[in-house]
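Note sheet for the following structure.
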Amino acid sequence: MASSAGLALCGQTLVVRGGSRFLATSTASSDDVLFAYDCSTAAEKSQESKGEDGQPVDKGSDTILASTFSKSGTYFALTDDSKRLILFRTKPWQCLSVRTVVRRCTALTFTASEEKLLVADKSGDVYSFSVLEPQGCGKLELGHLSMLLDVAVSPDDCHVLTADRDEKIRVSWAAAPHSIESFCLGHTEFVSRIFVVPDHPELLLSASGDRTLRLWEYRSGRELHCCHLTSLREPAEPWGDERFAASRITYWSQDGCVALLCDCIPAIYVFQLDAARQQLVYRQRLTFRHRVWDIAFEEGRGLWVLQDHREAPLVLCRPVGGQWQAAPEDAAVEKVSAHLRGNWAMLEGVAGVDVGFSGLYKATFDNVTAYLRKKEERLQKRRQNPAAGPNGQAKKMKPGEASLRCSS
């Protein structure tokens with residue numbers, strides 16, 4: 001939801017999406033196969049609602065809203081603005097099904113068994129779709145009272161975790177989603193991203209519009225650590241006072257690194273997960289001259305960065321001497337970048353599009369200040385003119401009152 005351009009990576013399979021299209025290729029230098037898909041060519045469209053005049057009033061575009069790989073990388077799925085759920089097999093690439101969803105989706109994830117695909121939508125519902133039966137209809141699993149922004153599944157498939165606009169993270173039993181195991185409460189704004197740590201399946205990372213990154217033991221709902229991102233900024237930063245939320249949390253199992261990308265800041269925050277002490281240790285911040293669209297770790301290689309720069313759309317960062325930095329030259333980066341430059345039109349259309357979290361913040365109305373100001377003005381007028389009434393007007397004397405004052 002934070003950006004209409006995105007990056008997904010599983011094993012050596014890399015997908016870059018922009019607008020209604022995505023490109024899939026391999027990060028292996030020896031494999032130069034390229035698969036391209038355009039959602040505008042997808043067959044099935046959702047039923048459009050019609051107004052009183054019989055004309056459609058809810059016609060969406062084909063822009064891809066969310067996408068994800070299954071755990072093994074065998075499957076890839078996406079949802080678009082036309083309320084379609086499209087499932088692919090990746091070895092080799094093949095479109096398995098095009099199904100419709102009830103409402104536009106904000107996030108999706110596969111179960112660990114890869115038998116189901118869970119889809120979260122703007123109305124607060126989560127539907128499950130079968131992977132083994134690609135043409136099967138969706139089943140309503142659970143619902144929130146507010147918009148869902150992310151969904152995740154525990155590595156053992158026992159729990160479904162959902163994050164909503166109303167600051168809550170809910171942990172539900174997958175076998176009986178109406179049964180709630182716990183809530184992770186503490187955020188003061190919408191929860192934009194949640195991530196279950198694969199190496200430590202009892203731990204959950206969450207990010208929010210309150211500019212914090214938190215670590216939870218989610219089965220009990222206990223908060224273990226809270227990092228305030230505003231404390232990491234430098235005074236000279238031009239975006240120091242801006243509101244922002246995380247658009248991506250990604251994890252590198254090799255060193256237990258957590259990378260955090262925020263929607264309005266051209267920087268990536270890098271943390272170290274200290275599971276023994278149950279805390280996050282801030283390591284460094286990577287800054288970029290261009291807008292960063294998305295990030296993803298590749299085990300054994302490093303951190304891939306997708307940015308708004310045609311000449312160098314991809315940057316690969318690696319740890320050198322304990323600090324992450326951009327790799328000077330890499331054959332895989334040049335190969336994939338060449339594919340993106342040849343298909344830059346799909347990214348160029350989203351370069352100036354702002355689809356972040358700005359509309360999700362709580363609106364505040366301060367009418368007390370105006371009331372107190374007006375009250376003080378009335379009191380000052382009364383002090384300056386004691387004979388004035390409560391509305392600042394002179395008091396009217398009753399008949400005979402003037403003669404009584406004179407006689408006294």
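The values are calculated or read from the model by the stated rules, or taken from the named source; none is laboratory data. Bear in mind that the values here come from a model prediction, so they are computed numbers and not experimental data. Cβ: placed from backbone, ideal geometry, glycine included. Neighbour counts: every protein chain shown. Protein only, heavy atoms only, side chains kept; ligands, DNA and RNA dropped before computing areas. Shrake-Rupley method; radii C 1.70, N 1.55, O 1.52, S 1.80 Å.
Details
- Of residues in the range 222-238 being more than 21 Å from the chain's Cα centre (by Cα) and open to solvent by less than 70 Å² (accessible area, probe 1.4 Å), the one modelled with the highest pLDDT: Leu224
- Filtered residue count, the range 354-408, keeping only those that are open to solvent by 100 Å² or more (accessible area, probe 1.4 Å), of a type in the set (Ser, Thr, Tyr) and at pLDDT 55 or above: 2
- Residue list for the range 314-323, filter: at pLDDT below 95 and surrounded by 15 or more Cβ atoms within 10 Å (Cβ to Cβ): Pro319
- Residue in the range 117-138 that is touching a Ser or Thr at 6+ places or on another chain (Cβ under 6 Å), open to solvent by 20 Å² or more (accessible area, probe 1.4 Å), assigned to a strand (DSSP E or B) and at pLDDT 95 or above present: no
- Single residue of Val191, Val197, Val281 found to be β-branched (Val, Ile, Thr), in contact (Cβ under 8 Å) with a residue 60 or more places away in the chain and out of contact with any helix residue (DSSP H, G or I) (no Cβ under 6 Å at 6 or more places or on another chain): Val197
- Checking each residue in the range 177-199 for being closer than 29 Å to Asp255 by Cβ and either of a type in the set (Val, Ile, Thr) or buried (at least 23 other Cβ atoms within 10 Å of the Cβ) (or both) picks out Cys184, Val191, Ser192, Arg193, Ile194, Val196, Val197.
- All positions within the range 59-84 that are among the small types (Gly, Ala, Ser) and in a loop (DSSP other than H, G, I, E, B): Gly60, Ser61, Ser70, Ser72, Gly73, Ser82
- Residues of the range 148-176 that are open to solvent by 20 Å² or more (accessible area, probe 1.4 Å), in contact (Cβ under 8 Å) with a residue 12 or more places away in the chain and part of a loop (DSSP other than H, G, I, E, B): Pro155, Asp156, Asp157, Cys158, Arg165, Asp166, Glu167, Lys168, Ala174, Ala175.
- Total residues in the range 355-385 satisfying the condition of being outside any loop (DSSP other than H, G, I, E, B) and within 30 Å of Ala207 (Cα to Cα): the figure is 3.
- Enumeration of residues in the range 254-273 that are open to solvent by 40 Å² or more (accessible area, probe 1.4 Å) and at pLDDT below 95: Gln254, Asp255, Cys264
- Criterion violated by Glu311 - all others in (1) surrounded by 15 or more Cβ atoms within 10 Å (Cβ to Cβ); (2) closer than 23 Å to Ala24 by Cβ satisfied: (1)
- Residue satisfying all of: in the range 73-107; among the hydroxyl-bearing types (Ser, Thr, Tyr) and in contact with a Gly (Cβ under 8 Å, 6 or more places away or on another chain); nearest to Gly124 (Cα to Cα) among these: Ser82
- Residues of the range 328-353 that turn out to be closer than 25 Å to Asp81 by Cβ, modelled with pLDDT under 85 and either open to solvent by 50 Å² or more (accessible area, probe 1.4 Å) or of a type in the set (Lys, Arg) (or both), as a count: 4
- For the range 290-304, a tally of residues being in a strand (DSSP E or B) and under 17 Å from the mean Cα position of the chain (by Cα) returns 5.
- Looking across the range 93-116, just one residue is closer than 17 Å to Ala152 by Cα, assigned to a strand (DSSP E or B) and free of Cβ contacts under 8 Å to residues at least 24 places away in the same chain, and that is Lys116.
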